[in-house]
Each structure stands twice: as C-alpha cells, then as structure tokens.
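To keep things clear, I will list the structure first and then write my remarks on it.
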Amino acid sequence: MSNTTLSGPESTDAPEATATPPRSAVRDAVRRILPKSYLLLVLIAIIIVGYYASADFLTVRNAENVIAAASIVAVLAVGQFFVILTGGIDLSVGSILAMSTVIAALTLQSGMAAGLSIAFTLFCCGIAGLINGLLVVWLRIPPFIATLAMMSAVKGFSYIIQSTSLIQITNNTFIDIFARGTTLGLQNPTLIFLIVMIIAALVAKFTTFGRSLYAIGGNPEAARLSGLPVGRNLIVVYTLSGLLAGLAGLIAAAQLRQGSSLIGVGYELDAIAAVVVGGASLMGGKGDPISAVIGVFVLATIINIMNLVGISSEPQLVIKGAVIVIAVFLSSAGGVQRISGFFRTHFGRRSARAAS
C-alpha cells in the first residue's frame, strides 16, 4: 500500500512540473531559430530593397555579375573562417590571391599546360600558407604580425616576378575552367565556391579535425591539455587558407584575363568582414562556413545596389561599415538575445501592470 500511495502523487505531479506553457515554448523556439536564420532574413530584405531601388537589380545579367564577383570573396572567406575559428587571423590572403594571378599568368604565358599551371600555382600559394602556420606555431609569432609580414613579403615577390604592368591570359582552357565555362547548368565560379563551401561545412561539423578547431578557438590551452594536436592543426589551417586564396586568385585571373600584383588589394578585409558578418567571433570557437558565405552575399548585394543607384565610393564605405557593425552586434555581441530580452521585459511589465 505504501508503494501505491507514493507513486500516485508523483504520477499526477510530474506533468505539471515538466509542462511548458505554450507561449514560453514558442518564445524559446523563436530564440533558438533567430540567431541561425537572421542572415537569410537580412539577405532577403536587402534583395527586396534592391528590387524597389533599381529595375536592373533582379535581372539575370546582374545576378550573374554579383555571383561572379562574390565567388572570389566566398572562396577566400571559407579559408579565413577556419583561421578565425581558431582565434587567429590571416591578413596575407589578398596578397596571396594577387601572387596566384601573377604565377598563373606567367606559367601560361610560358606555354605550360593549364592543368600544370593550376597545380603549380596552388602549390606556391599553399607554401605561403604553410610558412604562415610555421611562423605562428614554431616561432610563436602572433597571427596578426606573422600574416602581416607575409602580406608584405608576398606582395613584393609578386611585383618582382611580374616585371611588367600586366600579364595577359589568353589560354582558353584556363579561362573556361575558372570563368566562362558551365557545369551542370551552373557557371564554374559558382560551382567552385559551392563545392568549397559544402566540403568546408561537412568538415567543420562532422569530422574530428573540424570539432578540434572549435575546441582550439574556444580554449587553446584546454585543447592542448586534452591531447589535441593544436600545433599541427593550426599549420593545416593556415596552409588551407593559402590554398583557398590561391584558388580565389585563379578565379580572379580567369575573370580579368590577366595577372597583376595589385589585384588583391582589399580582399583580405572583405573576407574578414564577411566572416564576421556571418556570425563568427574574432575570439574564435564560433561560426560556420555557410554563414560566412552568406555574409559575403549580404555585403556583395548591398554594394551592387549602391552601384546601381549611383552612390559614390565614399558613402559606400560608410554604409558598408555600418552594416558590419549592425551584423556583428546581432550575431557576435548577442544582439538578438538582448533585443528579445528588452521586449520581453518591457512588455512583460506592461502586461503585469494591466493584469493588476
């Protein structure tokens, strides 16, 4: 009898203790969804603004132009994402991109086959990224300083080997691969950045290597004490960033049909901005590659709209900076939670007063 009397109250009280009010469940669901989906909502809102701002915005040609330009930064942003995920930063990717265009143009001009030229160019860019990793891991130079030095060195090297103002690219196979060709109905630059993004997302979410990068960015010392190969993974990350910068350079070289040491100016800042707009934290341990690519398109679409309506370059910089600040506030600074908390507190007090 004693067992029966004890079990009765527990069975009747349990649903009351665990039941969640419907309004609370909806609120919690919204709070979980918003930080993940706000970027898409922002991008859709920007597209709607573009539709009303210019009749040329939602045309096929304009969309192709936006995607072609964004594909370069998207590939760069994926590499930059992995570096930022570990709590580092890579300022050399713009210069490596420029070096990639120069090496590809020179090798193609010398008569090298397109495939060999691509492989050699990516190898050189990978070596530059590897040196970045060795500087950070072996010499323990802060990533900002190490990659800043590499940015300067690679820029000078590109200028030296270029020797002329511009190196024209006329190899049709190379241009078809990275610019005007199509595969499965998609332009090759679009297909390239989609493949890079998808592979990066799978690696980040489903592999031991990807999970270890989140751990390194969250707490490097704890990751080291837990037995993770921190140094090796950092070297791999910076090498990967160099390789992807080289790949982005190949796309740029094919689109512009030339190689120049000046092509990569500002690309490193665009890549960093896109990753941060995508919700990654510069402190490391947060973000994902898909959001970084969406951040690329948020910025690229805003710039495209401003170009279509005739806004000059100086106001564009101001607007771009404001967008970055707002996006960082909503993602990295917990802006969504803070805004929702404000409204919950404000309207909660009002409803409590009305009820009393």
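Worth a mention:
- Using a Förster distance of 41 Å, the FRET efficiency for F123-H346 (Cβ separation, nearest 0.05): 0.10
- Sparse-neighbourhood loop sites, chymotrypsin sites (Phe, Trp or Tyr not before Pro) in region 101-161 - DSSP loop, at most 16 other Cβ within 10 angstrom: W138
- A simple rule links phi to the HN-Hα coupling: the Karplus curve 6.51 cos²θ - 1.76 cosθ + 1.60 with θ = phi - 60°, which for region 50-61 gives x, 4, 7, 7, 8, 6, 8, 5, 8, 9, 4, 5 Hz, with x for Gly and Pro.
- Computed E for A113/E314 - FRET, C-beta separation, R0 30 angstrom, nearest 0.05: 0.10
- Inter-label distance for I145 and L202, nm, one decimal - labels placed 7 Å from Cα along Cα-to-Cβ: 4.0 nm
- Reported to the nearest whole Å, the Cα centre-to-centre distance from region 293-309 to region 116-187 is 25.
- Overall shape: prolate for region 193-233, with the ratio a/c of the largest to smallest alpha carbon gyration tensor axis at 1.5 or above and a/b above b/c.
- E64 versus S163: modelled label distance in nm, points set 7 Å from Cα along the beta carbon direction: 3.7 nm
- Modelled FRET efficiency - R0 22 Å, F209 with W138, Cβ distances, 0.05 increments: 0.65
- Three-way shape label, region 95-157, alpha-carbon gyration tensor, a/c 1.5: prolate
- Between S152 and L184, the simple spin-label model (points 7 angstrom out along Cα→Cβ) gives 4.4 nm.
- Converting phi to 3J(HN,Hα) with the Karplus coefficients 6.51, -1.76 and 1.60 and the offset θ = phi - 60°, region 65-77 yields 5, 5, 5, 4, 5, 6, 4, 5, 5, 4, 5, 4, 5 Hz in sequence order, with x at every glycine or proline.
- With θ taken as phi - 60° and the Karplus curve 6.51 cos²θ - 1.76 cosθ + 1.60 applied, the whole-hertz 3J(HN,Hα) list for region 194-205 is 5, 5, 4, 5, 5, 4, 4, 5, 5, 5, 5, 9 Hz, x standing for glycine and proline.
- Translational diffusion of region 96-202, estimated by Stokes-Einstein from the Kirkwood radius over alpha carbon pairs at 25 °C in a medium of 0.890 mPa s, is 157 µm² per second.
Taken together, the values in this text are just the output of simple stated rules run on the coordinates, not laboratory data. Bear in mind the structure is a predicted one, so any value in this text is a computation, not a measurement. Note that we place each Cβ from the backbone using ideal geometry, even for glycine, and neighbour counts take in every protein chain shown.
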